[in-house]
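S.K.: Pasting in a structure now, in structure tokens, and then I'll have a few things to ask.
What follows draws every value from the coordinates through simple rules; no lab data is involved. Predicted model, so just to flag it, every value in this text is computed and none were measured. Every residue, glycine as well, gets a Cβ built from its backbone with ideal geometry; the counts of neighbours run over all protein chains shown.
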Amino acid sequence: MTGSSRGIGAETAKLLADRGAKVVINYRSSETEAHAVADEIRDAGGEALVAQADVTDASAVEQMVEGVIDRWGRIDVLVNNANMPFATKSFESMTWDEFSSKLDAELKAAFTVSKAVLPQMVEQEYGRAIYVSSGAGQSPSPGFIAHGTAKSGLDAFAKYIAQEYGPHGITANVVAPGLVETDATAGHIDDVRDQVASQTPLNRVAQPEDVAHAIASLAGEGAQFVTGTYTPVNGGSEME
Ligand SMILES: NC(=O)c1ccc[n+]([C@@H]2O[C@H](COP(=O)([O-])OP(=O)(O)OC[C@H]3O[C@@H](n4cnc5c(N)ncnc54)[C@H](OP(=O)(O)O)[C@@H]3O)[C@@H](O)[C@H]2O)c1
């Protein structure tokens with residue numbers, strides 16, 4: 001579970017642990033928060049391992065994955081979730097460096113983590129890869145051109161993984177949240193919460209556990225023949 005010291009990742013790790021998974025709490029700099037998530041899981045009777053690794057750093061990721069395999073012998077589920085920063089601005093005021101740094105980080109993280117984990121899943125002839133995208137990848141939102149373009153790349157990437165790795169018993173699916181109340185949105189959510197809720201059939205803004213449940217269902221038994229899919233988690237604010 002990449003980026004599980006806070007937000008959607010932390011809630012998903014706790015939910016998966018609650019359902020019996022041994023979970024890796026990966027973080028980049030929030031050591032205290034990562035250990036707090038792991039402690040909460042252990043206090044509830046679950047198993048958790050804390051692993052510092054910047055997901056855009058291939059050797060750090062490889063080391064993390066080797067550590068997990070040494071400890072537990074296998075990796076059944078990969079959740080590619082860590083939040084890559086991006087500039088929120090119009091195309092007119094965006095520089096190539098701002099734009100490309102988001103594309104690079106988003107796709108490098110997915111590439112690096114998948115490269116490190118998929119060979120183990122191939123060996124097992126089993127695996128579930130879940131990529132956390134964003135509704136902004138399919139439906140434009142003002143100021144989100146860098147984020148949305150990067151996430152639509154991630155959506156395509158997941159389909160290619162689904163196609164190439166299906167014959168090895170590995171599924172790959174996308175979960176795409178709309179606005180979720182996390183640290184990432186803390187700066188502006190108060191300004192838009194009521195408006196977003198009023199345009200959402202389920203009449204509220206998502207909490208991290210809403211996304212965690214969608215991820216857990218794709219990681220669970222019920223999704224054994226589900227691959228290459230895109231699951232929006234937005235309370236119906238955008239419909240296909
Ligand atoms: N919140 C939303 O409204 C929303 C909407 C659509 C999609 N999403 C997607 O949901 C995912 C999670 O977002 P969130 O809102 O839960 O974010 P968040 O609350 O900001 O948490 C981000 C997590 O990612 C970790 N992280 C960041 N950079 C990392 C790196 N280079 N290597 C390893 N870990 C790293 C952070 O760890 P450290 O604290 O240690 O850095 C933290 O655990 C992201 O992919 C995001 O794009 C979020």
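S.K.: Contour minus end-to-end for residue 71 and residue 155, with contour as 0.36 nm per residue of separation and end-to-end as the Cα-Cα distance?
M.R.: 27.1 nm
S.K.: Treating cross-link reach as a plain straight distance, find the lysines whose alpha-carbon is under 27 Å from the alpha-carbon of residue 115, omitting any fewer than eight places away in the same chain.
M.R.: 14, 22, 102, 151, 159
S.K.: What are the GluC sites (Glu not before Pro) within the range 63-160 that DSSP puts in a loop, where the Cβ has at most 10 other Cβ atoms within 10 Å?
M.R.: Taking the range 63-160 and a limit of 10 other Cβ atoms within 10 Å, the loop GluC sites (Glu not before Pro) found are 92, 125.
S.K.: Something else: Could you give the length gained by full extension between residue 35 and residue 95, i.e. 0.36 nm per residue of separation minus their alpha carbon distance, to one decimal place?
M.R.: Working it through step by step, the gained length comes to 17.9 nm.
S.K.: Rank by packing, highest mean first: peptides 195-204, 132-141, 153-162, with packing defined as the count of other Cβ atoms within 10 Å averaged across residues. Each step should come with its number before you reach the end.
M.R.: Numbers: 195-204: 12.9, 132-141: 20.6, 153-162: 18.6.
So the peptides 195-204, 132-141, 153-162, ranked by packing, come out 132-141, 153-162, 195-204.
S.K.: Let me ask something else. Per the helix-only calculation at 222 nm, which mean residue ellipticity applies to the chain, given -39500 (n - 2.57) for every DSSP H run of n ≥ 4 and division by its residues, nearest 500 deg cm²/dmol? Can you show the working numbers first?
M.R.: Numbers: 7 runs with 112 residues, N = 240.
The helix-only estimate for the chain comes to -15500 deg cm²/dmol at 222 nm.
S.K.: So what's the angle, to the nearest 10 degrees on a 0 to 90 scale, between helix 189-198 and the longest Cα principal axis of the chain?
M.R.: 80
S.K.: Ok, one more. Please report Rg over Rh for the range 7-232, where both radii come from the alpha carbon positions and Rh follows the Kirkwood definition.
M.R.: 0.95
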